[in-house]
Amino acid sequence: MSLFTYASEESISAGESTFRTVGGYGCIACHGLYGQGGGNVGGNIRGSSLNDLKYSLEHEQTMKLLGDVLSEQDKINLADYMEYLGTFQLVDWMYEGIKGGLLSVSIDSGKNSQLVVLNKTFEPMLIDLSPLSGKHLTLRVDPYETQHFEWLPEKGVYELSFGDEAISINVK
């Protein structure tokens, strides 16, 4: 059970905007577009609190650079956005088009979930989402782009594939 009580939509939206733009490059450069750790340096920060953010701004070398740029309200908004993202179960798929194989993940049924796909190739991906959505939906992820899909999963095993890679989602 999450201790997160929803912040205002305005605060979450402002936090998302700051997350994508602060310092001219945004938090996304290190932590990925959805805080999933898809950047080159930082890890998954979904669900992080205001205290976590303040600690990092004071102690992490790269984060110290942003400490003076963010107002107290910016920090609150960022934390609200991170906590909001933490309410979703994450299914993270980084497609590189070279390794092949099957990635397996497990999540719980009945909990809001977010599929985040990072395409690290020069070709667009078209992923059939009908196994997850129950209707014909396609997720397009352009080269070096990240896209997401949110859904409420039901029990079962679902497989998504593109090229020679696939992801198997076991929903318990």
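The values are calculated or read from the model by the stated rules, or taken from the named source; none is laboratory data. This is a predicted model, so every value here is computed, not measured. Cβ atoms come from the backbone with ideal geometry, glycine included; neighbour counts cover every protein chain shown.
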Just one of G163, G100 is of a type outside the set (V, I, T), at positive phi, in contact with an Asp or Glu (Cβ under 6 Å, 6 or more places away or on another chain) and not assigned by TED's automatic domain parsing to the domain that holds N51; which is it? G100
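Please specify each residue of region 72-104 satisfying the condition of being under 15 Å from the mean Cα position of the chain (by Cα) and assigned to a strand (DSSP E or B).
First pass over region 72-104, keeping only residues under 15 Å from the mean Cα position of the chain (by Cα): 78-95.
Those that are under 15 Å from the mean Cα position of the chain (by Cα) and assigned to a strand (DSSP E or B): Q89, L90, V91, D92, W93, M94, Y95.
One line per residue, one yes/no per condition, for (1) in a loop (DSSP other than H, G, I, E, B); (2) under 22 Å from T146 (Cβ atoms); (3) out of contact with any Ser or Thr (no Cβ under 6 Å at 6 or more places or on another chain); (4) of a type in the set (V, I, T):
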| residue | (1), (2), (3), (4) |
| --- | --- |
| L33 | yes, yes, no, no |
| Q36 | yes, yes, yes, no |
| G43 | yes, yes, yes, no |
| Y55 | no, no, yes, no |
| M63 | no, yes, no, no |
| L70 | yes, no, yes, no |
Only residues in region 41-62 that are farther than 14 Å from V22 by Cβ count as the first member; pair them with residues that are surrounded by 15 or more Cβ atoms within 10 Å (Cβ to Cβ) and of a type in the set (D, E), Cβ under 7 angstrom, at least 6 apart or cross-chain, and list the lot. G47/E83; S49/E83
Pairs under 6 Å by beta carbon, first residue under 19 Å from S168 (Cβ atoms) and assigned by TED's automatic domain parsing to the domain that holds S109 in region 127-147, partner at pLDDT 95 or above and outside any strand (DSSP E or B), six or more apart or different chains? L137/L129; L139/L129
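Considering Y25, Y84, Y55, which residue is among the hydroxyl-bearing types (S, T, Y) and within 26 Å of T121 (Cβ to Cβ)? Break it down stepwise before answering.
Values: Y84 fails: within 26 Å of T121 (Cβ to Cβ); Y55 fails: within 26 Å of T121 (Cβ to Cβ).
Step by step, each of Y25, Y84, Y55 is checked, and only Y25 is among the hydroxyl-bearing types (S, T, Y) and within 26 Å of T121 (Cβ to Cβ).
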Tally up the residues in region 25-61 that are surrounded by fewer than 16 Cβ atoms within 10 Å (Cβ to Cβ) and among the aromatic types (F, W, Y), please. 2
Is it the case that some residue within region 106-122 is farther than 19 Å from I167 by Cβ and not β-branched (V, I, T)? yes
Select, from N77, N112, the only residue that is in contact with a strand residue (DSSP E or B) (Cβ under 8 Å, 6 or more places away or on another chain) and not hydrophobic (A, V, I, L, M, F, W, C). N112
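Suppose the filter is of a type outside the set (A, V, I, L, M, F, W, C), touching a residue at least 40 places away in the same chain (Cβ under 8 Å) and within 23 Å of K172 (Cα to Cα); does D108 pass it? Before you say what the answer is, go through the steps one by one.
Numbers: of a type outside the set (A, V, I, L, M, F, W, C): yes; touching a residue at least 40 places away in the same chain (Cβ under 8 Å): yes; within 23 Å of K172 (Cα to Cα): yes.
Answer is yes for this residue.
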